[in-house]
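Here the structure comes first, spelled out in structure tokens, and everything after it is commentary.
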Amino acid sequence: MNTDDAEVNAQAWKQLYEAAVLELDPVKLQQRIADAEDAIAKRALAVMREGADDRAEREALANAMQALSGLKRDLTESRNRGSEPEKEKHRRP
């Protein structure tokens, strides 16, 4: 992998991460999260293969993955809360 490819990959995961974090449409959010997670995983693997001692990027990758995990959890909880009133409507006499 040459330097230009590495730089593109470093920018790509950041752009996909930002797109996920800034997405307001819950329908699109799930796919944006998946795309960002995939790009982060690929970049993390590339950093490991390069053997680079880029602690800052490794930390940024880990932090981004953790943030996406929280965002995914929030999305799931939000969807679950949204469906509870529907269940309650069916239970009422």
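Just a few scattered comments:
- Among 23-31, 9-17, the peptide with the highest mean count of other Cβ atoms within 10 Å heads the list, and the full ranking is 9-17, 23-31.
- Length added when fully stretched, A56-L75, from 0.36 nm per residue minus Cα-Cα: 4.0 nm
- Sequence-distant residues sharing a close amide H with E23 (under 5 Å, placed H): none
Readers should treat all values here as calculations from the given coordinates under stated rules, not as data from a laboratory. No experiment lies behind these values; they were computed from the predicted model shown. So basically every Cβ, Gly included, is an ideal-geometry build from the backbone, and we count neighbours across all protein chains shown.
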